[in-house]
Amino acid sequence: MTLKTWRGASSGLVVAVALCAPAVLEGCPQQPMECGDGGGGGAGGGDASYGAPVVGPIDNHCYVNPVDGGIPGGPVQFTVVDPDHCNPDAGPPDSGQPPGPEFGPTNYNSEANDDDCKYQVGWWSTPIQYNAEVTFYVSVVRTADGTPVTGATANTYAEIASNSGTGTPPPDVGKAVTTEVNPGSGVYGIGPFLMNAHGQWQVRFHINENCSDLWPDSPHGHAAFYFTVP
């Protein structure tokens, strides 16, 4: 398990956040190759017979100073989740500001902050191959204190599409199920999905999708990543 220490810019709180280190994650449900980068292939990988996360710039959109470039130890502006703001009937705060975009940019690599700076999200999968079914695994912890987001099985899912999210979903998307791997771990297995097209794909993980997304500190969250299918 990898620990990254951040200091909240406004509160001065130092938090050690446990991030997904896919190849060595404790309790990993698959063999090391299957828990790592999808087999080591894809952009920046070593084995072109397997897909993988697309390697690129490290996510730093929650850092106070973007010049930190995602370097661990830099100040990060995070959102503390309020469970009471899950209720869709609670109504949004009257800020007078128009709502922002629903989703943030799609991320590279295999871990990032969620769109609203509430969670640290890491992912890995079973081997990604063309015309094979793949199960995705996602680890979600609260950025504020590093605790896992547990008990969200019924309302956590993966939205997948080919061609970087502008294409079509897998043909078997309707049969995918979500299971929390080891209750209390905050790690969810989601699948299977049939990878029926070559090239670059996008997976967006939705967390606590049942909650309203109108409150900035609602438990609702999402993070998207690029990956390849050889």
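Read-outs throughout are calculated quantities, based only on the coordinates presented, and are distinct from any laboratory measurement. Everything numeric here is computed off the predicted structure, so don't read it as measured data. Don't worry about glycine lacking a Cβ; one is built from the backbone with ideal geometry, like all the others, and counts go over all protein chains shown.
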It is to be established whether one or more residues within the stretch 111-125 are within 24 Å of Asp172 (Cα to Cα) and touching a helix residue (DSSP H, G or I) at 6+ places or on another chain (Cβ under 6 Å).
yes
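Please verify whether Ile160 is crowded, with 22+ Cβ neighbours inside 10 Å and not in a strand (DSSP E or B), treating the condition exactly as stated. Talk me through it step by step, then tell me what you get.
On the way: crowded, with 22+ Cβ neighbours inside 10 Å: yes; not in a strand (DSSP E or B): no.
So Ile160 does not fit the description; no.
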Can you name the residue in the stretch 177-198 that is among the aliphatic types (A, V, I, L, M) and over 15 Å from the mean Cα position of the chain (by Cα) and, of all such residues, is surrounded by the fewest Cβ atoms within 10 Å (Cβ to Cβ)?
Val177
Only one of these conditions is not met by Pro127: (1) in contact (Cβ under 8 Å) with a residue 60 or more places away in the chain; (2) outside any strand (DSSP E or B); (3) closer than 24 Å to Phe78 by Cβ; (4) of a type outside the set (Ser, Thr, Tyr). Which number is it?
(3)
Filtering the stretch 199-216 down to residues that are more than 12 Å from Ser139 (Cα to Cα), crowded, with 17+ Cβ neighbours inside 10 Å and of a type in the set (A, V, I, L, M, F, W, C) yields Trp201, Val203, Cys211, Trp215
Residues being without any contact (Cβ under 8 Å) to a residue 60 or more places away in the chain, in contact with a Phe, Trp or Tyr (Cβ under 8 Å, 6 or more places away or on another chain) and not in a loop (DSSP other than H, G, I, E, B) - total across the stretch 166-190
6
